[in-house]
Every structure is written in C-alpha cells, then in structure tokens.
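Peer 1: Here it is, the structure in full.
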Amino acid sequence: MNHNPSTRSADPGPSAAATNDAMRALSRDLAAGTIRLADLDPELVEELRAALEEPQPRPVAYAGVGSRATPPEVLAGMSDAAQALGDAGFALSTGGADGADKAFEAGALRTDAPVTVHTPWPGYNGYRPGRDPESDIDVVHPRAGDAVRGLSFLHLARKHHPTWDRCRRGARALFLRNVSILAGALDDDGTVLPVRAVIAWNPNGSAHGREAGGTGHTLRVAAELGIPVVNLSERTPPGRNADALAAIPTVIRRTILDRFADLPR
C-alpha cells in the first residue's frame, strides 16, 4: 500500500502515477547528466524547488458508510468517489457491511490509498483482524475501552442508542464498530489518520428516526465529535448538506459534487 496523491475534479489533470513516473525519469536524466538544470525553464526549476521544500500535509481519512439498501446508482457513485478520493491520497474508514460500505471499499481498492475496515467481531463478513496480505486492507476489531477524542467507544455507543440496555451482545458490538469507524483509518506505518468527513446514505437522510437505522447511529456520534456529514439521500433536509460541504476538505467537496449533481443541499 502506498500513496499516490492527485486531484480528480472536473479537470482531473495528470494522474498521480503519471506525475510520479515523470519525476523519476527527470531525476534519472539529471543524475546521468543527460539533462542539466540549466537546460530547463528557470521558473519551472524554482517551482520544483519550492514544491519539494514545502512541507506536505499529513494524509487524513474520510468515513464511507450507509445502508445495505442503498440504491444501485448511489452505490456506483460511491465507488467512483472512493476511487477519486483514493487517487487524491485520502484514506478510507468503513465498516465492511454489504451495500454502501462495500461500494466505498471497492472504489478505494482501485487506488493505493489506505483502507481500514472496522468490524464488530473477528470473521464478520469474511474479514479477519490484521492486514490482509492480498488486498492490504487493515481490519480493526474495536474494544469498548478504546477512545476517540478522549471519549470511550462504549460511552459514545451507549449515549447515542435509545435502547442500549435492551441490546444483545452482538448488537452492541455493531454499534461499537460504528464509533470505531469515526476514530480513523490506519496509515501504512500504523498511524491513525483522523476522519475529517463522513459520506453516507440512509433511507430518510437523517440521523434520527426509525428509518435512520444503524447508519443513523454513526451519524449521531459524528455530530457529537464535530465531524461533518454529507448524506446522499434525496430525503436529506434542505440546507444540511450545504453546511457540511462548506466544512469538509476541498477535494472531498469537489469529488462529491462532481459525482452527485442532484445532491440535496
């Protein structure tokens, strides 16, 4: 797993892989003396030097979640958006469930960006804890005592479930998983990359109500943690996505708007 940051928008420009290949070729030619710096445009040389000297921002993650009943056309858009965000260097944090989670995962795996799947128990939906040697997915099995922003997973899961005391052990594990997704994704070196945005779909476009389902629980926790949520459901209340879009990183915002032209906002 490695990083190939680039930006895909209305004018995507060269891919990260193509840019990196060109830079490697230029470096080899300079080292071999085939090309001299004096042969290059002085302004280009200065731009290259400035780019190399400028500290690069640390990668961050986004959470891709949603209902198992997400419509096919939305699933396709999720997968495409995940690929674009992966190409731009954003890590994916998701939950391994069928439907929306799998769509995000499929798109992200077409890139070299980190993908972390948070599961409620070992073996959930075929995932085994640890790094999958074939896909490079990091599979995380959260514990109740784990914390995000100083708050334990258990505290957050219980607080945002209306009938926690009536939940069976398996259900509680699923809700702990929902919190874990928002804690972040693992970088190549095991560093946790924080989630800066949530992209989701659930039937009623809300964090509340019977139709909100398990995704609604994730969205309620996100609200407490101050993580903006863009809900792709056509039933999302007007204006809610506009506020979220204004608060998320530019590349994520452009990627969503490019692929979901009819997004409620």
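The values are calculated or read from the model by the stated rules, or taken from the named source; none is laboratory data. Remember, it's a predicted structure, so these values are computed and weren't measured experimentally. Cβ: placed from backbone, ideal geometry, glycine included. Neighbour counts: every protein chain shown.
Peer 1: Considering only the range 89-99, state which residues are farther than 16 Å from LEU174 by Cα and crowded, with 24+ Cβ neighbours inside 10 Å.
Peer 2: Scanning the range 89-99 gives PHE90, ALA91, LEU92.
Peer 1: Could I ask something else about it? Any residue that is within 18 Å of ILE227 (Cβ to Cβ), buried (at least 22 other Cβ atoms within 10 Å of the Cβ), in the same structural domain as VAL230 (by TED's automatic domain parsing) and under 19 Å from the mean Cα position of the chain (by Cα) - is there at least one of those in the range 119-139? Working first, answer last.
Peer 2: So the first thing to find is which residues in the range 119-139 are within 18 Å of ILE227 (Cβ to Cβ), and the list is none.
No, because not a single residue in the range 119-139 is within 18 Å of ILE227 (Cβ to Cβ), buried (at least 22 other Cβ atoms within 10 Å of the Cβ), in the same structural domain as VAL230 (by TED's automatic domain parsing) and under 19 Å from the mean Cα position of the chain (by Cα).
Peer 1: Is there a residue being more than 30 Å from ARG235 (Cβ to Cβ), assigned by TED's automatic domain parsing to the domain that holds ILE227 and either at pLDDT 90 or above or not aliphatic (A, V, I, L, M) (or both) anywhere in the range 66-86? Write out each step before concluding.
Peer 2: Taking the range 66-86 as the starting set, the residues that turn out to be more than 30 Å from ARG235 (Cβ to Cβ) are none.
No, the range 66-86 has no match at all.
Yes/no matrix, rows are residues, columns are (1) within 20 Å of ALA144 (Cα to Cα); (2) buried (at least 24 other Cβ atoms within 10 Å of the Cβ); (3) over 20 Å from the mean Cα position of the chain (by Cα):
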site	(1), (2), (3)
ARG158	yes, no, yes
ASP165	yes, no, yes
ASP188	no, no, no
VAL192	yes, no, no
ALA197	no, yes, no
PRO203	no, no, yes
GLY213	no, no, yes
VAL221	yes, yes, no
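Peer 1: Same structure again: Kindly indicate whether SER67 is under 26 Å from PRO203 (Cβ atoms), in contact with a Pro (Cβ under 8 Å, 6 or more places away or on another chain) and of a type in the set (Ser, Thr, Tyr).
Peer 2: So SER67 passes the test.
Peer 1: Return the total of residues in the range 226-265 being assigned to a loop (DSSP other than H, G, I, E, B) and in contact with a helix residue (DSSP H, G or I) (Cβ under 7 Å, 6 or more places away or on another chain). Don't jump to the end; show me each part of the working.
Peer 2: Step one: filter the range 226-265 for residues assigned to a loop (DSSP other than H, G, I, E, B), giving 226-228, 232-239, 248-249, 260-265.
Filter again for in contact with a helix residue (DSSP H, G or I) (Cβ under 7 Å, 6 or more places away or on another chain), leaving 227-228, 232, 260, 263-265.
Total satisfying the criteria: 7.
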